[in-house]
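A.B. asks: Have a look at this one before I ask anything.
The values are calculated or read from the model by the stated rules, or taken from the named source; none is laboratory data. Here the structure is a predicted model, which is why all the values come from computation and not from measurement. Note: ideal-geometry Cβ built from the backbone for every residue, glycine included; neighbour counts use all protein chains shown. Just the protein is used for accessible areas: all its heavy atoms, side chains included, with ligands, DNA and RNA removed. Shrake-Rupley method; radii C 1.70, N 1.55, O 1.52, S 1.80 Å.
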Amino acid sequence: MRDYENRDGVMLFGGMKVTDIADEFGTPVYVTDEKRLRENYRNVHNAFSKHMETKVHYACKANTNLTILKILEQEGSCIDAVSLGEVMTCLKAGFAPDRIIYTGNNVSNKELSAVAGLGVMINVDSVSELERLSKLSDGNKALPISFRITPGVGSGHNAKVVTGSTGSKFGIPEKDVIKTYLRAKELGFDPRGIHVHIGSGGRSSEPFMDAMEVLIRFTNELKEKGIELEFIDMGGGIGVPYRPNEPEMDVDELAADLTGMILEETDIKKILLEPGRYIVCDTTVLLTRCVDVKDAGIKKYVGVDAGFNTLIRPAMYDSYHHIALGNKFGKACTAKYDVVGPICESGDCLARDRVLPDPEEGDVVVIYDAGAYGFAMSSNYNSRPLCREVLVNDGKAELIRDSEKIEEQWIHQRIPERLIG
Ligand code: LLP
């Protein structure tokens, strides 16, 4: 969690008063700090690239805003995409196909042929996918592929985002790894790498090391069988601190340890990483406005104009997001409140039991660390339009996504003629 500057009792974000941003663009609004985005990308890239050739494939599922993608494209990032939509969005943002890896799960033939047709590397997730890809891409066995394996090591901030454990729906089970690479060769493919993604938001480096051991074991075994890989892809999952005083993961140490293992134990010269959260999480706050204050006796509520349609993480994973009143920044707190939104469900709670300084209607409520899986997971539930996104840089703000109009929610619907008139 970042510390923010206080100017006359108002929180500053990207050199601007959050109250000015809320007044100019309305609420709810996601606001991203360009400088921090560039810094985060450089931090993770530099940590690894000082040891060996490194490609950072930003996991764009965390945030697919075209401006954010464009900034990362300028920084030299590559992309981890999980759907045709993500691949096409990244191409639109200016990424060349050879900077994109597609890692699908339970992929349909329709999507597989479309992605293969765009020339991006495919990180194959199952034997079924390999056989189907072989049929679909007949005559194009030059198609770059890699395999996602299930390392039998999982990690994550919540059971819903742990992906690498034995029996997972993701990846080639350990027992099938070698024969799947051999089968790929038989089919005419030339597999370039090996990949894991153990899960998201874990905050210990041990599972990464354990998974790396599995990757190294298979890399060396494959070499003995005549299959020489070019890279090891460690996936994403670097956790970030959401709570005050929580320490950051030591990315430099993680990089030294992981690259050290590869360089000592294999002939591999290139590592790929797929951080999503690490790159975008703390670049962005969600600004929402207090619209209602209620004392329900045993509980006090701050009602705001963002709900789980805007930020679903607290409702979905019980995630903690820090909250401050941007216009009473640093003021003494008076009581505990639940911060709740306008959705017609009791689960529409953004934060529980937070001490806040005398909240009132009109206050600007700042929700921290909303850049990863924030806007990206927002929805139209309760027919609420998707909100705006703004980029700030050195005291200037620019609109990077306008809010939807309510009417736009109807454009794909059709009412049968017989019901009209
Ligand atoms: N690579 C693959 C193959 C992935 O599936 C993911 C995330 C990543 C990379 C990036 O992981 P990260 O570095 O962001 O942890 N909605 C959840 C997180 C789901 C992550 C899904 N896969 C949340 O809000 O916490």
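A.B. asks: Select, from Ile178, Ile216, Ile227, the only residue that is open to solvent by 20 Å² or more (accessible area, probe 1.4 Å), modelled with pLDDT of 95 or more and either of a type outside the set (Val, Ile, Thr) or away from the ligand (no atom under 16 Å from the Cβ) (or both).
C.D. replies: Ile178
A.B. asks: Further question on the same structure: Does the range 173-194 contain at least one residue that is under 24 Å from Leu72 (Cβ atoms), in the same structural domain as Ala142 (by TED's automatic domain parsing), of a type outside the set (A, V, I, L, M) and in contact (Cβ under 8 Å) with a residue 60 or more places away in the chain?
C.D. replies: Yes, some residue in the range 173-194 is under 24 Å from Leu72 (Cβ atoms), in the same structural domain as Ala142 (by TED's automatic domain parsing), of a type outside the set (A, V, I, L, M) and in contact (Cβ under 8 Å) with a residue 60 or more places away in the chain.
A.B. asks: Can you give me the ranges of the strands (runs of 3 or more DSSP E) entirely in the range 1-71 with at least 1 residues that are outside the structural domain of Ile268 (by TED's automatic domain parsing), free of Cβ contacts under 8 Å to residues at least 12 places away in the same chain and at negative phi?
C.D. replies: In the range 1-71, the matching strands (runs of 3 or more DSSP E) lie at 10-13.
A.B. asks: Given the criteria within 14 Å of the ligand (Cβ to nearest atom), of a type in the set (Lys, Arg) and closer than 30 Å to Asp3 by Cβ, does Arg243 qualify?
C.D. replies: For Arg243, the condition - within 14 Å of the ligand (Cβ to nearest atom), of a type in the set (Lys, Arg) and closer than 30 Å to Asp3 by Cβ - is not met.
A.B. asks: Moving on to the next point. Residues that are over 25 Å from Asn65 (Cα atoms) and assigned by TED's automatic domain parsing to the domain that holds Thr166, at least 1 per element: which helices (runs of 4 or more DSSP H) completely within the range 81-152 meet that?
C.D. replies: Passing ranges, in order: 109-117, 127-136.
A.B. asks: Which one is farthest from Ile367 (Cα to Cα), of the residues in the range 277-317 that are open to solvent by 50 Å² or more (accessible area, probe 1.4 Å) and not aliphatic (A, V, I, L, M)?
C.D. replies: The residue in question is Gly297.
A.B. asks: State yes or no: is Gly85 at positive phi and modelled with pLDDT of 95 or more?
C.D. replies: no
A.B. asks: For Gly188, are the conditions met, namely being within 16 Å of the ligand (Cβ to nearest atom) and open to solvent by 20 Å² or more (accessible area, probe 1.4 Å)?
C.D. replies: It is false that Gly188 is within 16 Å of the ligand (Cβ to nearest atom) and open to solvent by 20 Å² or more (accessible area, probe 1.4 Å).
A.B. asks: Still on this structure, please answer the following. Quick one: Leu136 ticks every box in (1) more than 30 Å from Asp282 (Cβ to Cβ); (2) in contact with a His (Cβ under 9 Å, 6 or more places away or on another chain) except a single one, so which number is it?
C.D. replies: (2)
A.B. asks: Please identify the pairs in which a residue from the range 339-353 that is of a type in the set (Lys, Arg) has its Cβ atom under 6 Å from the Cβ atom of a residue that is surrounded by fewer than 17 Cβ atoms within 10 Å (Cβ to Cβ), counting only partners at least 6 apart or on another chain.
C.D. replies: none
A.B. asks: What number of residues in the range 361-385 are touching a Ser or Thr at 6+ places or on another chain (Cβ under 6 Å) and either away from the ligand (no atom under 16 Å from the Cβ) or without any contact (Cβ under 8 Å) to a residue 40 or more places away in the chain (or both)?
C.D. replies: Total meeting the criteria: 3.
A.B. asks: Mind counting the residues in the range 276-314 that are away from the ligand (no atom under 11 Å from the Cβ) and over 20 Å from Leu37 (Cα atoms)?
C.D. replies: Residues that pass the stated criteria total 23.
A.B. asks: Could you grab me the full set of residues in the range 323-336 that are open to solvent by less than 40 Å² (accessible area, probe 1.4 Å) and either in contact (Cβ under 8 Å) with a residue 40 or more places away in the chain or farther than 18 Å from Leu350 by Cβ (or both)?
C.D. replies: Ile323, Ala324, Leu325, Gly326, Lys328, Phe329
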